[in-house]
Amino acid sequence: MADSEQRDAKPTAAGEDEERPRIKVVDRRWWKQADESDSADASGAEWQPGKPTYLQELEQQIADKDAQIQEFVGKYRDASKEFDEARARLRRETAREIERGRRAVLVELLDVVDNLDRAIEAAGSATSVEALKHGVELVRRQFLGKLEGFGVTRIDAEGTPFDPAVHEAVSTITTEDPEQDGRVAGVVNPGYRIGEDILRPAVVAVAKVQTADAAGPES
């Protein structure tokens, strides 16, 4: 009798378990989802992203920016290399231009040297000093003409007002003419310009009116 009751009670207990409601708990924390996705991948199940979408977008933006930075760095290196090559090429071309200009000047001056040699040869057979002087003057004029061809001109200083930007005074000459006071009375070495710039100032003596105080008391 007891065994029969027990057999009858078992189905009743199983039926009671089926009637109880089942509660399923889902952990929606993203790191838990990542763990679950990793375990799902290991088990062969379909992969589910474990990070939020906005993090994936940020990582993709960072990767894109890194690629752009590398591209810009490469372009900068190429541009820097081209600039260095252009600068070196410009220096070489400038050096060649300077050398060509220097050679042209020397060739022009060699003509003057040739004429000086001729003047020296003529001096041995010259019958008068005037002929020798004339030959030297011709060479001098030729040389000044060559200088003018290069933009070098002589400064006319004699009788002009003293200008420290153009003249270099080395002495003074006493004068009684007030109009000559402060003017160039003599040229020791002529000055030259090259274009608008002073190549060499003229070395001059400046006239100065002597005052009564400077002359001293009369006897």
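The values are calculated or read from the model by the stated rules, or taken from the named source; none is laboratory data. A quick note: this is a predicted structure, and the numbers were derived from the prediction, not measured. No Cβ is skipped: glycine too gets one built from the backbone with ideal geometry, and neighbour counts run over all protein chains shown.
Checked against (1) under 28 Å from Arg102 (Cβ atoms); (2) in the same structural domain as Thr211 (by TED's automatic domain parsing), Val136 meets all criteria but (2). Residues of the stretch 160-195 that are modelled with pLDDT of 90 or more, in contact with a Gly (Cβ under 7 Å, 6 or more places away or on another chain) and part of a loop (DSSP other than H, G, I, E, B): Phe162, Val166. Being assigned by TED's automatic domain parsing to the domain that holds Lys146 and over 30 Å from Gly145 (Cβ atoms) is a description that applies to Asp66. Kindly indicate whether any position in the stretch 70-91 is surrounded by 10 or more Cβ atoms within 10 Å (Cβ to Cβ), modelled with pLDDT of 85 or more, out of contact with any helix residue (DSSP H, G or I) (no Cβ under 7 Å at 6 or more places or on another chain) and closer than 30 Å to Val152 by Cα. Scanning the stretch 70-91, I find at least one residue that is surrounded by 10 or more Cβ atoms within 10 Å (Cβ to Cβ), modelled with pLDDT of 85 or more, out of contact with any helix residue (DSSP H, G or I) (no Cβ under 7 Å at 6 or more places or on another chain) and closer than 30 Å to Val152 by Cα, so the answer is yes.
Just one of the listed residues (Ala123, Ala131) is touching a Leu at 6+ places or on another chain (Cβ under 9 Å), modelled with pLDDT under 90 and not assigned by TED's automatic domain parsing to the domain that holds Ala205, and it is Ala123.
Can you confirm whether Ile198 is more than 28 Å from Ala119 (Cα to Cα), under 42 Å from the mean Cα position of the chain (by Cα) and either outside the structural domain of Ala119 (by TED's automatic domain parsing) or not in a loop (DSSP other than H, G, I, E, B) (or both)? Give the steps one after another, and end with the answer.
Values: more than 28 Å from Ala119 (Cα to Cα): yes; under 42 Å from the mean Cα position of the chain (by Cα): yes; either outside the structural domain of Ala119 (by TED's automatic domain parsing) or not in a loop (DSSP other than H, G, I, E, B) (or both): yes.
Against the criterion (more than 28 Å from Ala119 (Cα to Cα), under 42 Å from the mean Cα position of the chain (by Cα) and either outside the structural domain of Ala119 (by TED's automatic domain parsing) or not in a loop (DSSP other than H, G, I, E, B) (or both)), Ile198 qualifies.
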